[in-house]
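Asker: Sharing a structure below in structure tokens format, with a few things to ask.
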């Protein structure tokens, strides 16, 4: 079974109520739900949340919420890996089917398409990858125009920079985003790594890579969706 997982805890600090904040005419999480439900390769779509309010809204828009996420994996600093592992364990117990792959659809990547999901799953099926993650070309580069501060001075975090005289000479870098990440069961439950050793990459155009972290991002999202 291919499990679609939408993680949506209730305690967002940057933008309070972010996952259910109204965008155009529906809550943000509804966009992830709609995309997941329309994806033919996803066998079952669930929302993992610690919030009864988010659970009720998610059910209204068609997602299953078979459990409430335990408090111990619903904190501000909780990594996504244990959330995904918990979803696999609980889903296998409740549905009595083995999860072969998990599709992570974060509500903060609402410009994703069904095609994005299908492309990542196709890459997972047809290669030896244990995971495929999405991203887009980075605007900043640690070999050229990103620096760290040490002892009162700045330095490039990667390489000496002596052979990189312009951005075009630097190795190409990518920003990871939340459009779609897919994992095999082995990668999640056995290797247990956010980025397994055999992780493939799926490039998403910059105009669909908006990741919502601030009120300004929501303003930009509504502008892009109105075009």
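Asker: At q = 0.09, 0.11, 0.15 Å⁻¹, what log₁₀ I(q)/I(0) does a Debye calculation on the Cα points of the chain give, no solvent, two decimals?
Answerer: -0.41, -0.60, -1.04
Asker: Please grab the % of Cα pairs in the range 11-78 that end up more than 21 Å from each other.
Answerer: Roughly 26 percent, once rounded to a whole number.
Asker: Compute the angle between helix 215-226 and the longest alpha-carbon principal axis of the chain, please, reported from 0 to 90 degrees and rounded to the nearest 10.
Answerer: 80 degrees
Asker: Restricting attention to the alpha-carbon atoms of the range 40-127, what are Rg (one decimal) and Dmax (integer), both in Å?
Answerer: Computed over the Cα atoms of the range 40-127, radius of gyration and Dmax are 13.7, 40 Å.
Asker: Label points 7 Å out from Cα along the Cβ direction at residue 211 and residue 53: separation in nm?
Answerer: 2.6 nm
Asker: Of the listed peptides 58-67, 193-202, what is their order by residue-averaged count of other C-beta atoms within 10 Å, with the highest listed first?
Answerer: Taking the mean over residues of other Cβ atoms within 10 Å, the ranking is 58-67, 193-202.
Asker: How large is the translational diffusion coefficient of the range 164-221 in µm² per second when you combine the Kirkwood radius over alpha carbon pairs with Stokes-Einstein at 4 °C and 1.567 mPa s?
Answerer: For these conditions, the coefficient is 90 µm²/s.
All of the numbers you see were taken from the coordinates with simple rules; none came from a lab. The shown structure was predicted, so the numbers you read here are calculated from the model rather than taken from an experiment. No Cβ is skipped: glycine too gets one built from the backbone with ideal geometry, and neighbour counts run over all protein chains shown.
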